[in-house]
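Trainee: I have a structure I would like to understand better, so I am pasting it below and will then ask my questions one at a time.
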Amino acid sequence: MQRVLMVVMVLGIGLCATTDVQAQKYGGVLHNTLRNSPPDLSIHETAVLDTVSAMAPVYSNLVVFDVFQRLETLETIVPELAESWRWSADGRELTFRLRQDVIWHDGRPLTGGDVKHTFDVVRGATRGGLKLNPRKGWYYNIREIVTGGDREVTFKLGRPQPSILAMLAGGYSPVYPAHVSPVELRKTAVGTGPFRLKQYVPERQVELVKNPAYHVQGRPYLDGAIFHIIRDPKAQEAALLARQVDTGNINTAIKPVYERLSAADPRLKFVEMVSNATVNIIVNTKKPPFNDLRLRQAVNLAMERSALIRSVYQGGAVPGGALIPAPHGHWGLLPDQLQTLPGYGDPASDKSEARRLLAQAGYGPSRPLQIKISTRNEALHVGAATWAIGQLKEVGVRAELEHVDTAVWYGKIARREFQLGINSTAIGVDDPDAVLYETYACGSSRNYSDYCNPGLEKRFDAQSLETDTGRRLQMVREIDMTLQREVARPYLIYRKGYYPHQPYVKNWLPHTSIYNGWRLQEVWLDK
């Protein structure tokens, strides 16, 4: 069959994808895997990928990143529930015109009131609702949300902030129905997306079925999708090889697994890219011993990033700072900039400096620093934590490993019930505003190390206001280097993803951000 460049009309705008014009087939159920049972079904209350990937097909955003563009920027944002948007002349008002053909899965029409309700709840302007609110910091600059009838909604900002669009486009930003309480949405799902929730059986599966009233004509192709909860990584691999599942999640996407799977079944296909999934260190700066900056610096200097990449990830990772490193992301540090930072340079010199700082703080061979390292009880996290214990031992620190179940991990670190943690997080959106305010702003619920630098935070505001992209990039990189020098949250690596799928799965397009691109409305099965 002849291959051509086809412009697919989705969400009211042309998206380019190379495909067979007559190849798309309707029908079939996509079988996926989740590595954990979602703690609940509310995307706005989670920091867990399992909830986002399983629930993304149920919901819609105002705007969304183009599914066919893996690297996301402001230029790749397209309409979803909004049919258009416009900025005021002073950049302080962002107005969306909503589609008029959208209905919730329970039959009610979408209105601007639903949009206002969603983001008033998330930004904390409406009392109650969310028991956890990880993205509240994204929307601190919104002063008011007003509706203009059922089809128009305006976000009024305290100052110009072009990147608010990027945060609204991310997988963490679905629109919720105003007539269903946030409490109910933890155990059920009422969305406007291409699929409806049929059932959720904890520790077993999440089952979705096609939404016949989906507002995008001709979508989705699939009749449904089932997310099988398979905790054991070896069992996930076996399910792929037996073709019991059609795709693998991020837990089956690391290089050692890729090499095993591709050797066992050459028919499997893989999408390879550097993702936004990181391994980083969170340090409780409010309690001894890590209220002492010298000890935080020593831990950071002890970590030989290149050794972690070689040993645990077998080459399937790259070093980076607070934002996805260039050229894999737009805003991150360049390799030569990373080399100038503590912990990224000569390992012998860094470890020598770590011992000096420990000695200065009163620790040494006769009185070693003894700490507990906490991490989630999954192979990826335990592997990195075990490696970190070995690195600390080389500079005279004795560390004990504490395994924590994923279901309680984020609650534990939110309560600061840890000394030092090996943490795995991913940037929701590759934009400085989404990263800096959520992760490093004074008082942010996601600033697990409680780092606080009011002077640097003023520079967060300055880069956010900057409309010259080149100047903003320079400002962001200077901020990132400061964060690394001040041991705000030491980043160890950014993982490469090797996302497996069966050869008959088409238009399965993971994004650089692991939280985006999971709507599944474009996926079809060639069988």
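Trainee: Only residues in segment 133-144 that are within 14 Å of P432 (Cβ to Cβ) count as the first member; pair them with residues that are in a loop (DSSP other than H, G, I, E, B), Cβ under 7 angstrom, at least 6 apart or cross-chain, and list the lot.
Mentor: Pairs that qualify, where the first residue is within 14 Å of P432 (Cβ to Cβ) and the partner is in a loop (DSSP other than H, G, I, E, B), are G137/A441; G137/S444; G137/R446; N141/G158; N141/R159; N141/Q161.
Trainee: Further question on the same structure: Check G443 against each of (1) surrounded by 15 or more Cβ atoms within 10 Å (Cβ to Cβ); (2) out of contact with any helix residue (DSSP H, G or I) (no Cβ under 7 Å at 6 or more places or on another chain); (3) among the small types (G, A, S) and name the one condition it does not meet.
Mentor: Evaluating G443 over (1) surrounded by 15 or more Cβ atoms within 10 Å (Cβ to Cβ); (2) out of contact with any helix residue (DSSP H, G or I) (no Cβ under 7 Å at 6 or more places or on another chain); (3) among the small types (G, A, S) leaves (1) as the failure.
Trainee: All but one of (1) touching a Ser or Thr at 6+ places or on another chain (Cβ under 7 Å); (2) at pLDDT 95 or above; (3) of a type in the set (D, E) hold for E394; state the number of the condition that does not hold.
Mentor: Of everything listed in (1) touching a Ser or Thr at 6+ places or on another chain (Cβ under 7 Å); (2) at pLDDT 95 or above; (3) of a type in the set (D, E), E394 misses just condition (1).
Trainee: Where in segment 300-416 are the helices (runs of 4 or more DSSP H), entirely inside, with at least 1 residues that are closer than 23 Å to D232 by Cα and not charged (D, E, K, R)?
Mentor: Working: elements: 305-311, 335-338, 347-360, 379-394, 406-414.
In segment 300-416, 305-311, 379-394, 406-414 are the helices (runs of 4 or more DSSP H) which contain 1 or more residues that are closer than 23 Å to D232 by Cα and not charged (D, E, K, R).
Trainee: Is it true that K255 is within 22 Å of the chain's Cα centre (by Cα), surrounded by fewer than 21 Cβ atoms within 10 Å (Cβ to Cβ), modelled with pLDDT under 95 and not aliphatic (A, V, I, L, M)?
Mentor: Considered against the rule, which asks whether it is within 22 Å of the chain's Cα centre (by Cα), surrounded by fewer than 21 Cβ atoms within 10 Å (Cβ to Cβ), modelled with pLDDT under 95 and not aliphatic (A, V, I, L, M), K255 comes out as yes.
Trainee: A further question follows. Given the criterion part of a helix (DSSP H, G or I) and either hydrophobic (A, V, I, L, M, F, W, C) or buried (at least 19 other Cβ atoms within 10 Å of the Cβ) (or both), identify the matching residue among D461, D480.
Mentor: Matching residue, one of D461, D480: D480.
Trainee: Give the residue, chosen from G315, G329, that is among the small types (G, A, S), out of contact with any Pro (no Cβ under 9 Å at 6 or more places or on another chain) and within 16 Å of T512 (Cα to Cα).
Mentor: Result of the check over G315, G329: G329.
Trainee: Could you list, in sequence order, the residues of segment 284-321 that are touching an Asp or Glu at 6+ places or on another chain (Cβ under 8 Å) and of a type in the set (K, R)?
Mentor: Scanning segment 284-321 gives a single hit, K286.
Trainee: Is one or more of the residues making up segment 173-189 under 28 Å from D468 (Cβ atoms) and either in contact with a Leu (Cβ under 9 Å, 6 or more places away or on another chain) or modelled with pLDDT of 95 or more (or both)?
Mentor: Going through segment 173-189, the residues under 28 Å from D468 (Cβ atoms) turn out to be 173.
In the following step, the residues that additionally are either in contact with a Leu (Cβ under 9 Å, 6 or more places away or on another chain) or modelled with pLDDT of 95 or more (or both) were identified as 173.
Scanning segment 173-189 turns up at least one residue that is under 28 Å from D468 (Cβ atoms) and either in contact with a Leu (Cβ under 9 Å, 6 or more places away or on another chain) or modelled with pLDDT of 95 or more (or both).
Trainee: As an exercise: evaluate V201 against (1) out of contact with any helix residue (DSSP H, G or I) (no Cβ under 6 Å at 6 or more places or on another chain); (2) under 21 Å from L509 (Cα atoms) and give the number of the one condition it does not meet.
Mentor: (2)
Trainee: Mind telling me which of the residues G362, G343, G315 ends up being at positive phi, more than 25 Å from the chain's Cα centre (by Cα) and assigned by TED's automatic domain parsing to the domain that holds N423? Give the steps one after another, and end with the answer.
Mentor: Numbers: G343 fails: more than 25 Å from the chain's Cα centre (by Cα); G315 fails: more than 25 Å from the chain's Cα centre (by Cα).
Of the residues listed, the single one that is at positive phi, more than 25 Å from the chain's Cα centre (by Cα) and assigned by TED's automatic domain parsing to the domain that holds N423 is G362.
Trainee: Take residues that are in contact with a Pro (Cβ under 9 Å, 6 or more places away or on another chain) and of a type in the set (D, E) and tell me which of the strands (runs of 3 or more DSSP E) falling wholly in segment 89-197 contain 1 or more.
Mentor: none
Trainee: So which residues in segment 205-221 are under 25 Å from the mean Cα position of the chain (by Cα) and more than 21 Å from E184 (Cα to Cα)?
Mentor: Within segment 205-221, just P220 meets the criteria.
Trainee: Then there is this: Just to be sure I understand, how many residues within segment 77-98 are touching a Lys or Arg at 6+ places or on another chain (Cβ under 9 Å) and farther than 15 Å from G148 by Cβ?
Mentor: 5
Trainee: Now a separate question. Take the residues of segment 121-143 that are of a type in the set (D, E, K, R) and more than 16 Å from A441 (Cα to Cα): which is surrounded by the most Cβ atoms within 10 Å (Cβ to Cβ)?
Mentor: Selected residue: R143.
Trainee: Among residues belonging to segment 367-383 that are farther than 17 Å from F418 by Cα and at pLDDT 95 or above, point out the one that is nearest to the chain's Cα centre (by Cα).
Mentor: Looking only at segment 367-383, we keep the residues that are farther than 17 Å from F418 by Cα, and these are 367-368, 378-380, 383.
Keeping just the survivors that are at pLDDT 95 or above gives 367-368.
Numbers: R367: 40, P368: 37 Å.
Applying the filter and picking the extreme gives P368.
The values are calculated or read from the model by the stated rules, or taken from the named source; none is laboratory data. This one's a predicted model, so the numbers in the text were calculated from it and none came from an experiment. When we count neighbours, we look across all protein chains shown, and the Cβ atoms used for this are built from the backbone with ideal geometry, even at glycine.
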